[in-house]
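Engineer: Please see the structure below; I have some questions.
The values are calculated or read from the model by the stated rules, or taken from the named source; none is laboratory data. This structure is a prediction, so every number in the text was calculated from the model and none was measured. Ideal geometry is used to build each Cβ from the backbone, glycine not excepted, and the neighbour counts take in all protein chains shown. We work out accessible area using only protein heavy atoms, side chains counted, and drop any ligands, DNA or RNA first. Shrake-Rupley method; radii C 1.70, N 1.55, O 1.52, S 1.80 Å.
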Amino acid sequence: MNIYGVVGWKNAGKTGLMERLVSEISSRGFSVSTVKHAHHSFDVDHPGKDSYRHRAAGAREVLLASRNRFALMHELEGEEEPSLSALLGMLAPVDLVLVEGYKRDKHPKIEAHRAETGNPLIADETVRAFAADSALERGRPVFDLDATAQIADFILRDLGLPERKV
């Protein structure tokens, strides 16, 4: 499976870039999945819903399914957070997995950056290019944060994925 990341500090534009890249790359005929790292606790269901009640009652895993989608919720209950590698192993095969976050992992990445945040660049050896709202001099490609098609072209070329006729 091909993996490419989008990293950056808070409010850098990561999620918007991810959303646009998924749309752009999938419109070119590639199958795309995503992994999003959260630094906080989150919930995908809500108090009062049957699946929530199952978890609250002590179920270790709850699989919620319909004819349109399914979601597996797994309570870690003090276990260590799964690695990105372990999570990727849970996904069905696709042409590309776009990963938001996991900035310390070793897969190739685009770094999103907005000057107004005042945050420094991550710019480690895994960052292959930048998507920014201002000029950067870093010795690596720099794309406008909104140049989605160009960023998608770069990612697909960097991974050696051939163009597809749609």
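Engineer: Under 29 Å between alpha carbons: how many lysine pairs meet that in the chain, if sequence neighbours fewer than 8 apart on the same chain are excluded?
Structural biologist: 15
Engineer: Measure nothing fancy, just the Cα-based angle from helix 14-27's long axis to the longest principal axis of the chain, in degrees from 0 to 90, nearest 10.
Structural biologist: The helix 14-27 is inclined about 90 degrees to the chain.
Engineer: Moving on. Which label marks the calculated value of semi-axes √(5λ) of the Cα gyration tensor in Å, given the options [x] 22, 20, 14; [y] 32, 20, 14; [z] 36, 19, 13?
Structural biologist: [y]
Engineer: Additional query: Given a Förster distance of 25 Å, report the FRET efficiency between E163 and M1 from their Cβ-Cβ distance, rounded to the nearest 0.05.
Structural biologist: So the FRET efficiency works out to roughly 0.80.
Engineer: Residue-wise, which Karplus ³J(HN,Hα) couplings in Hz belong to segment 133-143, taking 6.51 cos²θ - 1.76 cosθ + 1.60, θ = phi - 60°, and x for glycine or proline?
Structural biologist: With coefficients 6.51, -1.76 and 1.60, one gets 9, 8, 5, 10, 10, 9, x, 9, x, 10, 10 Hz.
Engineer: Applying the Karplus parametrisation 6.51 cos²θ - 1.76 cosθ + 1.60 with θ = phi - 60° to the phi angles of segment 153-166, what ³J(HN,Hα) value in whole Hz is obtained for each residue in order, glycine and proline being reported as x?
Structural biologist: With the stated coefficients, segment 153-166 comes to 4, 4, 4, 5, 5, 4, 8, x, 7, x, 4, 10, 8, 9 Hz.
Engineer: Now for a different question. With just the Cα atoms of segment 97-166, tell me how far they stretch along each of the three principal axes, in Å, largest first.
Structural biologist: 41, 25, 21
Engineer: Share of the chain's accessible area from carbon and sulfur, percent, 1.4 Å?
Structural biologist: About 50 percent, which is the carbon plus sulfur part of the accessible surface.
Engineer: Right, next: In the chain, what percentage of the DSSP-assigned beta bridges are antiparallel, given to the nearest 5?
Structural biologist: 20
Engineer: Using only the Cα atoms of segment 1-85, what do you get for the radius of gyration and for Dmax, in Å?
Structural biologist: When restricted to the Cα atoms of segment 1-85, Rg and Dmax are 16.1, 44 Å.
Engineer: Taking only Cα atoms and a 10 Å spring cutoff, compute GNM fluctuations for the chain and point out the largest among T34, T148, T117.
Structural biologist: Sorting by GNM fluctuation, first place goes to T117.
Engineer: Rolling a 1.4 Å sphere over the protein heavy atoms, what is the accessible area per residue of segment 115-166, to the nearest Å²?
Structural biologist: About 62 Å² of surface per residue is accessible.
Engineer: Let me ask something else about it. Subtract the Cα-Cα distance of N11 and S27 from 0.36 nm times their separation in residues, and report this length gain in nm to one decimal.
Structural biologist: 3.1 nm
Engineer: In terms of modelled amide H atoms, which long-range or inter-chain residues lie less than 5 Å from the amide H of V6?
Structural biologist: Amide H to amide H, under 5 Å and 5 or more residues apart or across chains, V6 pairs with V99, E100, G101, I110.
Engineer: In whole Hz and in residue order, list the ³J(HN,Hα) couplings for segment 84-100 that follow from phi through the Karplus curve 6.51 cos²θ - 1.76 cosθ + 1.60, θ = phi - 60°; x for Gly and Pro.
Structural biologist: Karplus values, whole Hz, x for Gly and Pro: 4, 4, 5, 5, 4, x, 8, 7, 5, x, 9, 5, 8, 10, 8, 10, 9.
Engineer: Here's a follow-up. Going 7 Å from the Cα of T117 in the Cα-to-Cβ direction, what parts of segment 1-43 have a backbone nitrogen less than 17 Å from that spot?
Structural biologist: Residues 5-21, 36-40 qualify, since their backbone N sits under 17 Å from the label point.
Engineer: Can you pull the one-decimal nm distance between simple spin-label points at L88 and A135, each 7 Å off the Cα toward Cβ?
Structural biologist: Rounded to a tenth, the inter-label distance reads 3.7 nm.
Engineer: Springs between alpha-carbon pairs under 10 angstrom, Gaussian network model over the chain: which of S83, S33, S66 fluctuates most?
Structural biologist: Checking each option, the largest mean-square fluctuation is seen for S66.
Engineer: Now for a separate question. Under 5 Å between amide hydrogens, which residues at least 5 positions from S33 or on another chain qualify, with H placed 1.01 Å from N in the peptide plane?
Structural biologist: L96, V97, L98
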